[in-house]
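The values are calculated or read from the model by the stated rules, or taken from the named source; none is laboratory data. Since we're looking at a predicted model, the values are computed, not measured. Neighbour counts are summed over all protein chains in view; Cβ atoms, including those assigned to glycine, are modelled from backbone coordinates with ideal geometry.
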Amino acid sequence: MIVTGHPPRNPQKTRPPGRLAVAVLPVLERARQRRESRLRKLVAGNWKMNGLRADGLALARALVARAAAGDPPDCALAVFPPATLLISVGETLRGSGIALGAQDCHAEARGAHTGDVAAPMLKDAGCSYVIVGHSERRTAHGETDATVRAKAVAARTAGLVPVLCVGESLAERERGEALEVVAAQLAGSLPEGLAAEEIVVAYEPVWAIGTGRTPTAEDVAAMHAHLRRGLEAAVKGGAGVPILYGGSVKASNARELLSVPSVDGALVGGASLNAAEFWAIAQSCP
Ligand code: PEP
């Protein structure tokens, strides 16, 4: 209930709310508070290297149509198309409330780096976010924690929010090293001097990405609590940094994963390529 501090102009004329209003108003008010709160979860779709222009635009249009159709999900939404589609998808998303992000950036702002894209270019293309340190880049492109940190710094300098990915391999989990490995990745890739609203962290166990396997809700909660401790030590207001879960999130498991209180949202790969599935995941935000 909003308390303005002002008494009603004419108390005699103020009618008590009806039974329906009594039931519905608190629900609507909680929804409003969640919508306006920084605690709102973020559901982000990483399209990876998928989609020609027609596919990307059709997907973006389908999401915009759902956003306009009423009954929006109670979470923030973002999509991360391939670089070739950023501008056209961004134009399609304009005014929809769905944010645009890129999948990677170079650590330099410009220069002789054939084939790379700089963070200021992404900002100029309409992005608000950029993923850094995705395990596919750490593995296939040999990106180290130092590389990832330099990219995150470049992103911040350009005014983008980096979505910093960390996650252990299956072998590391089986050796019981998951917490330690992921904490070390975070410490090694997190830029110094950030405020909470300047970064998003995504816990993505490598063995869960694209495999259909997911950790248990208990394992996710334990990892997120561990990451939270690291963030509180390293970031001003670290308690407010969103920590997403990523790895085989689908409509069928989204509610369970998103209901873990320390999960501030989801980074969704394969399932984000289908508008209905992505929307169903977003609708699963508690
Ligand atoms: C990802 O690669 O960021 C990801 C979460 O992929 P998927 O959902 O397909 O496992």
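Among the candidates 166, 260, which residue alone is within 15 Å of the ligand (Cβ to nearest atom) and either surrounded by fewer than 20 Cβ atoms within 10 Å (Cβ to Cβ) or not acidic (Asp, Glu) (or both)?
Testing whether each residue is within 15 Å of the ligand (Cβ to nearest atom) and either surrounded by fewer than 20 Cβ atoms within 10 Å (Cβ to Cβ) or not acidic (Asp, Glu) (or both) leaves just 166.
Among the residues of the stretch 236-257, write down those that are part of a loop (DSSP other than H, G, I, E, B) and at pLDDT 95 or above.
241, 242, 247, 248, 249, 250
Check 240, 269 and return the single one that is within 16 Å of the ligand (Cβ to nearest atom) and touching a residue at least 60 places away in the same chain (Cβ under 8 Å).
269
Please list, ordered by first then second residue, the pairs with beta carbon atoms under 8 Å, 6 or more apart or interchain, first in the stretch 45-67 and touching a residue at least 40 places away in the same chain (Cβ under 8 Å), second acidic (Asp, Glu) and within 16 Å of the ligand (Cβ to nearest atom).
48/136
May I ask you to list the residues in the stretch 123-150 that are more than 16 Å from the ligand (Cβ to nearest atom) and either of a type outside the set (A, V, I, L, M, F, W, C) or closer than 15 Å to residue 79 by Cα (or both)?
Residues satisfying the conditions are 123, 124, 125, 126, 127, 128, 142, 144, 145, 147, 149.
Can you name the residue in the stretch 204-217 that is under 19 Å from the mean Cα position of the chain (by Cα) and in a loop (DSSP other than H, G, I, E, B) and, of all such residues, is farthest from the ligand (Cβ to nearest atom)?
Ranking the qualifying residues of the stretch 204-217, first place goes to 215.
Inspect the stretch 209-222 for any residue being touching a residue at least 24 places away in the same chain (Cβ under 8 Å), closer than 22 Å to residue 155 by Cα, in contact with an Asp or Glu (Cβ under 7 Å, 6 or more places away or on another chain) and surrounded by 14 or more Cβ atoms within 10 Å (Cβ to Cβ) and give the result as yes or no.
No, the stretch 209-222 contains no residue that is touching a residue at least 24 places away in the same chain (Cβ under 8 Å), closer than 22 Å to residue 155 by Cα, in contact with an Asp or Glu (Cβ under 7 Å, 6 or more places away or on another chain) and surrounded by 14 or more Cβ atoms within 10 Å (Cβ to Cβ).
Mind listing whichever residues of the stretch 80-119 are among the charged types (D, E, K, R) and surrounded by 14 or more Cβ atoms within 10 Å (Cβ to Cβ)?
Scanning the stretch 80-119 gives 104, 108, 116.
Which condition number in (1) out of contact with any Cys (no Cβ under 7 Å at 6 or more places or on another chain); (2) buried (at least 22 other Cβ atoms within 10 Å of the Cβ) is the one that residue 275 fails?
Answer for residue 275: the failing condition is (2).
Only one residue in 152, 171 is of a type in the set (A, V, I, L, M, F, W, C) and surrounded by 15 or more Cβ atoms within 10 Å (Cβ to Cβ). Which one?
Only one candidate qualifies: 152.
Looking at 263, 220, which is the one that is β-branched (Val, Ile, Thr) and assigned to a loop (DSSP other than H, G, I, E, B)?
After applying the criteria, what remains is 263.
For residues that are within 19 Å of residue 273 (Cα to Cα) and not aromatic (Phe, Trp, Tyr), tally how many sit in the stretch 215-250.
Of the residues in that region, 6 qualify.
Can you pull out the residues in the stretch 243-256 that are more than 17 Å from residue 228 (Cα to Cα) and within 11 Å of the ligand (Cβ to nearest atom)?
Listed by number, the residues that qualify are 247, 248, 249, 250, 253, 254.
Name the one entry in 76, 54, 67 that is at negative phi, of a type in the set (A, V, I, L, M) and in contact with a Ser or Thr (Cβ under 7 Å, 6 or more places away or on another chain).
Result: 67 is the single residue among 76, 54, 67 that is at negative phi, of a type in the set (A, V, I, L, M) and in contact with a Ser or Thr (Cβ under 7 Å, 6 or more places away or on another chain).
Can you name every one of the helices (runs of 4 or more DSSP H) wholly within the stretch 90-193 that holds 2 or more residues which are free of Cβ contacts under 8 Å to residues at least 60 places away in the same chain, among the acidic types (Asp, Glu) and under 25 Å from residue 226 (Cα atoms)?
Counting at least 2 such residues, we get 170-174.
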